[in-house]
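Reading through the structure tokens given below for one structure.
The values are calculated or read from the model by the stated rules, or taken from the named source; none is laboratory data. Remember, it's a predicted structure, so these values are computed and weren't measured experimentally. Heads up, the Cβs are rebuilt from the backbone with ideal geometry, glycines too, and the neighbour counts pull from every protein chain shown. With ligands, DNA and RNA removed, areas are computed over all heavy atoms of the protein, side chains included. Shrake-Rupley method; radii C 1.70, N 1.55, O 1.52, S 1.80 Å.
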Amino acid sequence: MPSRFRVAYSYYLKNYYRSRSFYLMLVLIIIITSIMTYFSFRYQQKINTFLSKFGTGVPSVSLKSRALDYIWSFVLADVPVYAAVFFGSPSISSEIEDRTSFHIFALPIDRYTLLISKYAAAYTVTLIISTIYVIFEAAVTSIVYGKLETSLFLESYGILLIFIASILAFTFFISSVYNRNIYAYITVLIIYFLVFNAVDVITSLLYNVTSPYLLNNAATVLMRVFINVNLFSFSPTISLSPAPTTTVLLAVIVMIIYLVGSISAASIIFERKEAK
């Protein structure tokens, strides 16, 4: 299996590198990082204004550095989502729609190896795209304030690795349900940005709590490890201290549940797919 996995992984990875989706995401991430870099230098004084609203007096360099990382991570939370939509949504449905399944399914490689190798290849390109943004974040924060909260930054990056795995697994699961790419694309976006938010609004209105078991809410920990400000609820959490360990651990557990559940469901459905 290892040798077959490497062959399949290499094949899928080359396909991703040659795809228009990869270059589109690369261009988009360069544009986004350029915009964030410009605003970080142009409006860095706005950080002081933002922090002064919390009655902090003169904010320390450490706090300003964490606030800038929070703002960058605010955008970062959505980068893996769109990358996963590009790379993960058509992962299985494309094999049926493009009729490549006739050739792929006939190979002497079991379906699970094909699925995991393609998932690993999609994870690699998504990680590359996201890491480019993270490198810019670290560089800009270090230049602007001459200080980077390394431990918190690495904690956020570690959570990012898990989040990429979970959102990508979720897109693979959705892709396994359909035989057409467009349906997979639309469904992932609707569920993540509309259904999850609708559920969150309902639970907030009825129970005055933000559901921690939604993947989009778990993703907010990427930025809350810097300052614990959660504006995505009717009862927002506002604290200039990093999110407590219990909050971080719960978010990570939720991501892992989505990862394991989604990839398991995708493998079961993919195993029963027929070439058409």
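Filtering PHE196, PHE226 for residues that are open to solvent by less than 60 Å² (accessible area, probe 1.4 Å), in contact (Cβ under 8 Å) with a residue 24 or more places away in the chain and either part of a loop (DSSP other than H, G, I, E, B) or of a type in the set (Phe, Trp, Tyr) (or both) leaves a single hit, PHE226. For region 1-57, filtering for residues that are farther than 30 Å from ALA120 by Cα and in contact with a helix residue (DSSP H, G or I) (Cβ under 8 Å, 6 or more places away or on another chain) leaves 9. Among the residues of region 133-173, those identified as open to solvent by less than 40 Å² (accessible area, probe 1.4 Å), over 30 Å from GLU271 (Cα atoms) and among the aromatic types (Phe, Trp, Tyr) are TYR133, TYR145, PHE153. Filtering region 29-53 to residues that are open to solvent by less than 80 Å² (accessible area, probe 1.4 Å) and closer than 22 Å to ALA84 by Cα leaves ILE29, ILE32, THR33, SER34, MET36. Here is a list of conditions, (1) open to solvent by 60 Å² or more (accessible area, probe 1.4 Å); (2) under 24 Å from THR113 (Cβ atoms), and VAL58 meets all of them except one; can you say which number that is? In the conditions (1) open to solvent by 60 Å² or more (accessible area, probe 1.4 Å); (2) under 24 Å from THR113 (Cβ atoms), VAL58 misses (2) alone. What do you reckon, is VAL201 part of a helix (DSSP H, G or I) and touching a residue at least 40 places away in the same chain (Cβ under 8 Å)? No, not satisfied.
Among the residues of region 248-264, those identified as β-branched (Val, Ile, Thr) and open to solvent by less than 40 Å² (accessible area, probe 1.4 Å) are VAL248, VAL252, VAL254, ILE263.
Do we find a residue being of a type in the set (Gly, Ala, Ser) and in a helix (DSSP H, G or I) anywhere in region 103-110? No, region 103-110 contains no residue that is of a type in the set (Gly, Ala, Ser) and in a helix (DSSP H, G or I).
Evaluated against (1) open to solvent by less than 40 Å² (accessible area, probe 1.4 Å); (2) assigned to a loop (DSSP other than H, G, I, E, B); (3) modelled with pLDDT of 90 or more, LYS273 falls short on exactly one condition, (3).
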